[in-house]
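Here the structure is laid out as structure tokens; the discussion comes afterwards.
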């Protein structure tokens, strides 16, 4: 049988078109990088197409980006006052009013984009006793844990309202997923460290490399106010109170049971270990040392399924 060369060319073209369409509808996981990297406070770089920064009103802050050709990057949407600009570096003065704003950057040649959500926090100086605008936060410890900088009292809080709670702060996670579980009206307040969200995004990417299509992670517990943390009888210096910890599991069908991640037809500790091993590999990789933190494994009980605690405290801890 003779098959013409045109047949093979046509078949290859069709396959390429199908593959392209699959990428566009998001059936492949590694589509959350923009090709534009942004600099973290500690000098490391991250590559996700959407992130956030927290500042106080009128605070001067810097955003530093890099891409294949830094001169192509254009600020298309801004918030606050642009103070200084040089290729790849923008210095702003934050708006005076608390709230969420957006800074958008685009590569004028490749059309790749990067969005930075700017949260202008409500200052902690506005607290009255244990409350901030009627929301009970409680009392942070007077002294930091072993003198470590990331255990100091917060200077401000992100205000969460009915209007902004659904905001995507990174490609796969929304602001509301990290709210404290205590009962209250609106507004609510939260602390969030961008490094935690970067680690969660990287984890999601690694999980999906095995052919899965996980859209987000179930955040069983994100931020905890000191008041709520104390009511649980949790440790005094829980990283949940500082906005860089989350208790997580995968639950794509929303049945409150960890998904079968190792494909053995069961829902067991082995599925939890799939997550554990990926996070542990991050903490053992020098290029991710800026995201190092704690990992805790938890068995299921009458209230919850198997889950993993992860944080970005800055050093390894295991339990």
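The values are calculated or read from the model by the stated rules, or taken from the named source; none is laboratory data. Predicted model only: the values in this text are computed from it and were never measured. Using ideal geometry, Cβ is built from the backbone for each residue, glycine included, and neighbour counts are taken over all protein chains shown.
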Within region 70-97, the residues that are touching a residue at least 24 places away in the same chain (Cβ under 8 Å), exposed (fewer than 14 other Cβ atoms within 10 Å of the Cβ) and closer than 19 Å to residue 109 by Cα are 74, 76, 77
From (1) at pLDDT 95 or above; (2) more than 23 Å from residue 200 (Cα to Cα), pick out the condition that doesn't hold for residue 77. (1)
Within the group 161, 170, 155, which residue is under 24 Å from the mean Cα position of the chain (by Cα) and more than 25 Å from residue 218 (Cα to Cα)? 155
Quick check on residue 288: is it part of a helix (DSSP H, G or I) and crowded, with 19+ Cβ neighbours inside 10 Å? no
Among 295, 308, 278, 258, the single one that is assigned to a loop (DSSP other than H, G, I, E, B), at pLDDT 95 or above, touching a helix residue (DSSP H, G or I) at 6+ places or on another chain (Cβ under 7 Å) and surrounded by 16 or more Cβ atoms within 10 Å (Cβ to Cβ) is 258
Going by the structure shown, is residue 199 within 16 Å of residue 309 (Cβ to Cβ), within 19 Å of the chain's Cα centre (by Cα) and assigned to a loop (DSSP other than H, G, I, E, B)? no
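Name the residue, out of 67, 144, 104, that is surrounded by 14 or more Cβ atoms within 10 Å (Cβ to Cβ) and closer than 18 Å to residue 194 by Cα.
Within the list 67, 144, 104, the selection yields 104.
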Pick from region 155-167 the residues that are in contact with a helix residue (DSSP H, G or I) (Cβ under 8 Å, 6 or more places away or on another chain) and outside any loop (DSSP other than H, G, I, E, B): which of them is farthest from residue 187 (Cα to Cα)? 156
Got a sec? Which of 176, 188, 181, 209 is without any contact (Cβ under 8 Å) to a residue 24 or more places away in the chain and either in contact with a strand residue (DSSP E or B) (Cβ under 9 Å, 6 or more places away or on another chain) or farther than 20 Å from residue 136 by Cα (or both)? 176
Within region 207-246, tally of residues that are outside any loop (DSSP other than H, G, I, E, B), under 19 Å from residue 160 (Cβ atoms) and in contact with a helix residue (DSSP H, G or I) (Cβ under 8 Å, 6 or more places away or on another chain): 9
Restricting attention to region 161-195, which residues are over 26 Å from residue 47 (Cα atoms) and buried (at least 18 other Cβ atoms within 10 Å of the Cβ)? 180, 187, 188, 189
